[in-house]
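Before any comments, here is the structure.
The values are calculated or read from the model by the stated rules, or taken from the named source; none is laboratory data. Here the structure is a predicted model, which means the values were calculated and not measured. Counting neighbours? That spans all protein chains shown, and the Cβs are built from the backbone with ideal geometry, glycine included. To get the accessible areas, we keep the full protein, side chains included, count just its heavy atoms, and leave off ligands, DNA and RNA. Shrake-Rupley method; radii C 1.70, N 1.55, O 1.52, S 1.80 Å.
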Amino acid sequence: MKKVSFPHMGHAGIAFKSLLEDLGNEVIMPPVPTKKTLDLGVKYAPEFACLPYKIVLGTYLELIEMGAEVLLAFDSYGPCRFGHYSHLQFLTLKNLGHDVEVICFGYPKREPIEFIRKLKKVSKHKSTIKCLYEFYKAFKKGWEKLKALDYMEKLSHKIRPRELKRGTTTKVYKQAQQWLDEAKTYSQIAEAKEAGIKAFNDISIDPEREVLKVGLTGEIYVLLEPASNLEIEETLGHMGVEVERSMFLTGWTQDNLGSGTQDHASAIEAAKPYLPYKIGGHGRETIGHVVNYAKRKFDGVIQIAPFTCTPEIVARTILNKVSKEHDIPVLTFFFDEQTAKAGITTRLEAFIDLLRRKRLEKNQVAAAI
Amino acid sequence: MKAYLGIDVGSVSTNIVILTENKEVIVSLYLRTSGRPLETIKRGLKEAYEQLNKEKKDIEIAGVGTTGSGRYLAGVIVGADVIKNEITAHAVAASLLVPGVQTILEIGGQDSKIIIIRNGIVTDFAMNTVCAAGTGSFLDQQAARLNIPIDEFGNLALQSKTKVRIAGRCTVFAESDMIHKQQMGHSLADIINGLCEALVRNYLNNVGKGKEILPPIVFQGGVAANAGIRAAFEQQIGHPIIIPKYFNVMGAVGAAQLAREKIQQGERTKFKGFEVADMNYRTSSFECTYCPNACEVVEVYEEDKVIGRWGNRCPRWDL
């Protein structure tokens, strides 16, 4: 079989790798995006393309250097410009003279025949029935891993702001990811998950610490790839903020390939008074999540998106009104090629100060009553 | 008497104040950073100490706060009790010196911000994001180009008789617009006034977008010294603008006040004393080679000891 790889997006790669290996592929794990990735991406991408495009293109180029022969992508039927991104990226690779095979998956529900045809290219089984059956088995197991990985990430969000020794949570989280990566069977996955949970529970924490709760919402790639958002969740955690993120790959998969989650449905419902239409990307969901976070009495919300992301720009403008009507502070960051953290740290610090003082005032008012 | 030291290391200026327990500013220094923050901090501390001695009061520094883009550097050098971002520092200073303030307009060297305060707490803020149009550096640059001392730049705008429109979106375009108008034969006063109006327009559209600007309104930061900008603000907002006495060192005042709050909670100061002005400090940097992020890590040395290190994205180099 040829060496297969795919773009990096948070910890999702660990589950993809498991799935592809079970189908009988040799997988090259995509490297965590770095300055080098971005430099490569920026060099060959159209200037106006967004940050995820540049990072993914850079990753493809790094993967080719590492010996990848087949590159996978997902065009998810164009929720935004993303729909044509992989096609353009593959043209760029071709123009650069790279002889790689590229396979771009669409929605299986929408184009089932095409999906199976492409699936066969990355499966050692050539009969349709066998191929689908093996895919089902591999998917189920990969799904199990993905669920465990998302669970670990949620634990890190809860524990990091309370840890006594700064950095412990991040270390444990990395370790847990590695355990899950190494797990090959269902029982090993379960074991790795248990070990991960135990390691998290063993972190010494200060349960009394006054921790703020902040919702994190926005565009999917910058939400899921820490390297693209300058590790905002980690930074917030170290500032004593518990983050709840609006999007995980498990949730996204259920919403787009399965029957949908309650969380998504309620976000669409909550966004209705402000934006009753689908505007592409996750603009509508972003608005709904902010409303829901406000209703759940979060201290504040941070919206993150790539620079020039139209759905999020539309959402940002509407969020002014949501913020006022629901009395919830909202801070927006648009990420581009900048790699210096200083500007973001300053704004984050000020925002967190604002939330702290606001909570203090609320507590005082409550005490007076 | 107890007093608190506040240091604001900005891109253009480094400001030092000493704030007494009675909220009186007894030392206020505004120094140009001139691209050498280390030396400027040391020079500032020396000057502050001399001024303090002239006052002949029995002053004990009970706490230190630092702010501004060089706050971490200043913080490790002096031994700060509080290292705070400039947004919080400015808000705290304005609330201290102008009780009841509801809106703060702040324009500094490289950044401009708006802070909304209601019932004494910050409820909203914004800072210029991608563009430096409308900040002090650009005014500095234009004053230099026109050979007018920056102190007189604003007053000249007030002598304007006719309106001249300058594009304020981008400094590059603003400059070409100004040159164009100058070659057409417009008077300097009119052009400078046009520039002031353009900067204020840009500020209100960009930084102040969607914010409710309610009085009392305080205008602070180095640019508040500019009478032309001040007039343009009053005209475009339609409310009187208050310029606090210490408008150009407000960040430092806020840092000192934050240190005061911290010490009042019963902590002992980490201040190393004014002697640090005579010690040797140097910085060095290297590119980390452990991963392709190639972080540019900076180290601060006190004599031969590393006292601060930053620039790394992972915790590898944390002290």
For segment B:215-230, which residues satisfy the criterion of being out of contact with any His (no Cβ under 8 Å at 6 or more places or on another chain) and open to solvent by 40 Å² or more (accessible area, probe 1.4 Å)? B:PRO216, B:ALA225, B:ARG230
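List the strands (runs of 3 or more DSSP E) inside segment B:274-315, counting only whole elements, that have at least 1 residues being without any contact (Cβ under 8 Å) to a residue 12 or more places away in the chain and under 23 Å from A:VAL32 (Cβ atoms). Let's see the steps before the verdict.
Details: elements: B:281-287, B:296-302, B:305-310.
Correct list: B:281-287.
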Those residues of segment A:168-213 that are in a helix (DSSP H, G or I) and either of a type in the set (A, V, I, L, M, F, W, C) or within 14 Å of chain B (Cβ to nearest Cβ) (or both) come to a total of 17
Looking for something assigned by TED's automatic domain parsing to the domain that holds B:PRO37 and open to solvent by 80 Å² or more (accessible area, probe 1.4 Å) - is there at least one such residue anywhere in segment B:248-260? no
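Within the bounds of segment B:276-285, is there any residue that is closer than 27 Å to B:LEU97 by Cβ, open to solvent by 60 Å² or more (accessible area, probe 1.4 Å) and at pLDDT 90 or above?
Going residue by residue through segment B:276-285, those that are closer than 27 Å to B:LEU97 by Cβ are none.
Within segment B:276-285 (the criterion being closer than 27 Å to B:LEU97 by Cβ, open to solvent by 60 Å² or more (accessible area, probe 1.4 Å) and at pLDDT 90 or above), the answer is no, since none of the residues qualifies.
Looking only at segment A:73-105, count how many residues are open to solvent by 20 Å² or more (accessible area, probe 1.4 Å), in contact with a Cys (Cβ under 8 Å, 6 or more places away or on another chain) and not in a helix (DSSP H, G or I). I'd like the intermediate steps shown before the answer.
Taking segment A:73-105 as the starting set, the residues that turn out to be open to solvent by 20 Å² or more (accessible area, probe 1.4 Å) are A:74-75, A:77-82, A:84, A:87-88, A:90-92, A:94-102, A:105.
Applying the additional criterion that residues be in contact with a Cys (Cβ under 8 Å, 6 or more places away or on another chain) yields A:74-75, A:80-81, A:87, A:90.
Now restrict to residues that are not in a helix (DSSP H, G or I): A:74-75, A:80-81.
Qualifying residue count for the region: 4.
Being at the interface with chain B (Cβ under 9 Å from one of its Cβ atoms), farther than 30 Å from A:LEU40 by Cβ and among the acidic types (Asp, Glu): is that true of A:ASP327 here?
Working: at the interface with chain B (Cβ under 9 Å from one of its Cβ atoms): no; farther than 30 Å from A:LEU40 by Cβ: yes; among the acidic types (Asp, Glu): yes.
In short, no.
Here's the yes/no breakdown for (1) in a strand (DSSP E or B); (2) under 19 Å from the mean Cα position of the chain (by Cα); (3) farther than 30 Å from B:GLU21 by Cβ; (4) of a type outside the set (S, T, N, Q):
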site	(1), (2), (3), (4)
B:VAL200	no, yes, yes, yes
B:ILE229	no, yes, yes, yes
B:HIS239	no, no, yes, yes
B:ASN248	no, yes, no, no
B:ALA256	no, yes, no, yes
Step by step: first the residues of segment A:50-69, then only those that are over 20 Å from A:PRO226 (Cβ atoms) and open to solvent by 10 Å² or more (accessible area, probe 1.4 Å), then the one that is farthest from the other protein chains (Cβ to nearest Cβ). Which residue is that? A:GLU69
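Taking only segment A:106-126 into account, find how many residues are assigned to a loop (DSSP other than H, G, I, E, B) and in contact with a helix residue (DSSP H, G or I) (Cβ under 9 Å, 6 or more places away or on another chain).
9
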Among the residues of segment B:286-319, which ones are closer than 21 Å to B:GLY79 by Cβ, more than 12 Å from chain A (Cβ to nearest Cβ) and either surrounded by fewer than 17 Cβ atoms within 10 Å (Cβ to Cβ) or in contact with an Asp or Glu (Cβ under 8 Å, 6 or more places away or on another chain) (or both)? B:TYR301, B:GLU302, B:GLU303, B:ASP304, B:LYS305, B:VAL306, B:ILE307, B:GLY308, B:ARG309
Just checking, which of B:ILE87, B:ILE83 is within 27 Å of B:ILE263 (Cβ to Cβ), hydrophobic (A, V, I, L, M, F, W, C), surrounded by fewer than 24 Cβ atoms within 10 Å (Cβ to Cβ) and in the same structural domain as B:GLY70 (by TED's automatic domain parsing)? B:ILE83
